[in-house]
1. Can you name the condition, by its number, that VAL58 falls short on among (1) exposed (fewer than 12 other Cβ atoms within 10 Å of the Cβ); (2) over 16 Å from ILE142 (Cα atoms); (3) over 16 Å from the mean Cα position of the chain (by Cα)?
2. From (1) farther than 18 Å from ASN137 by Cα; (2) more than 12 Å from the chain's Cα centre (by Cα); (3) of a type in the set (S, T, N, Q), pick out the condition that doesn't hold for ASN92.
3. Based on what the data block shows, is LEU90 under 30 Å from SER31 (Cα atoms) and either without any contact (Cβ under 8 Å) to a residue 12 or more places away in the chain or not polar (S, T, N, Q) (or both)?
4. Looking only at the stretch 83-116, which residues are surrounded by 21 or more Cβ atoms within 10 Å (Cβ to Cβ), within 22 Å of SER130 (Cβ to Cβ) and aliphatic (A, V, I, L, M)?
5. Consider LYS91 carefully, then state whether it is at pLDDT 90 or above, in contact with a Leu (Cβ under 8 Å, 6 or more places away or on another chain) and among the basic types (Lys, Arg).
6. Collect the residues in the stretch 116-147 that are more than 19 Å from SER77 (Cβ to Cβ) and either of a type in the set (Phe, Trp, Tyr) or in a loop (DSSP other than H, G, I, E, B) (or both), keeping them in residue-number order.
7. Of everything in the stretch 61-82 that's closer than 21 Å to SER153 by Cβ and hydroxyl-bearing (Ser, Thr, Tyr), which residue is surrounded by the most Cβ atoms within 10 Å (Cβ to Cβ)?
8. Every residue in the stretch 120-158 that is of a type in the set (A, V, I, L, M), surrounded by 12 or more Cβ atoms within 10 Å (Cβ to Cβ) and under 24 Å from GLY57 (Cα atoms), please.
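The values are calculated or read from the model by the stated rules, or taken from the named source; none is laboratory data. Predicted, not measured: the structure shown is a model, and the values here were computed from it. All Cβ positions, even for glycine, are placed from backbone atoms using ideal geometry, and neighbour counts span all protein chains on display.
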Amino acid sequence: MPLITANHPKVTSPKAQVAPTRKKDAMAVQSPNRQVQILKFWLPVLACMVFIFYMSGVSGSDIPPLFPFQDVVYHFSLYSTLAFLFARALKNTLLRIGNFKLVFFSVLFTVFYGITDELHQVFVPGRCVSGSDILINSLGGITGSQFYQWLKSNLLRR
């Protein structure tokens, strides 16, 4: 219940003045720096997802063929980028995530997003669901998360 006094119209709460004593309470109170850090690492993930979703909404007839296997290159590079950014965000915002879990959750997220993206293409004229695209998305996810892990471990050695 908020306390309001006649001399001080500002609403205060007794809980707000007490420092968190338990670990759970400490996690709930986030400093502005922590919030900026979360935005710094998760906004690129969201931007990549929005870009992929937008590109998936482009009709198949509106995509000019520029080089052989461009579909494979696009899918692989976009999903490896998404996995790289996702692994980066996880590693920098979850303090204690191990290497295996980092790669596992990055790949899992990328595969799930790739499947939902393919299902989204059912509603786009000239596009269809493709099992090979899901496979390429998954390989891109594995490569991107592994590359982040390799890069992070090699940069820490220096």
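1. Here VAL58 clears every test but (1).
2. (2)
3. Details: under 30 Å from SER31 (Cα atoms): yes; either without any contact (Cβ under 8 Å) to a residue 12 or more places away in the chain or not polar (S, T, N, Q) (or both): yes.
It is true that LEU90 is under 30 Å from SER31 (Cα atoms) and either without any contact (Cβ under 8 Å) to a residue 12 or more places away in the chain or not polar (S, T, N, Q) (or both).
4. Of everything in the stretch 83-116, those that are surrounded by 21 or more Cβ atoms within 10 Å (Cβ to Cβ), within 22 Å of SER130 (Cβ to Cβ) and aliphatic (A, V, I, L, M) turn out to be ALA83, VAL107.
5. Details: at pLDDT 90 or above: yes; in contact with a Leu (Cβ under 8 Å, 6 or more places away or on another chain): yes; among the basic types (Lys, Arg): yes.
In short, yes.
6. Selection gives PHE123, VAL124, PRO125, GLY126, CYS128, VAL129.
7. From the stretch 61-82, those closer than 21 Å to SER153 by Cβ are 80-82; that's our starting set.
Subset that is hydroxyl-bearing (Ser, Thr, Tyr): 80-81.
Numbers: SER80: 23, THR81: 20.
Among those that are closer than 21 Å to SER153 by Cβ and hydroxyl-bearing (Ser, Thr, Tyr), it is SER80.
8. At the first step, the residues of the stretch 120-158 found to be of a type in the set (A, V, I, L, M) are 122, 124, 129, 134-136, 139, 142, 151, 155-156.
Filter once more, so that each one left must be surrounded by 12 or more Cβ atoms within 10 Å (Cβ to Cβ): 124, 129, 134-136, 139, 142, 151.
VAL124, VAL129, ILE134, LEU135, ILE136, LEU139 - these are the residues of the stretch 120-158 that are of a type in the set (A, V, I, L, M), surrounded by 12 or more Cβ atoms within 10 Å (Cβ to Cβ) and under 24 Å from GLY57 (Cα atoms).
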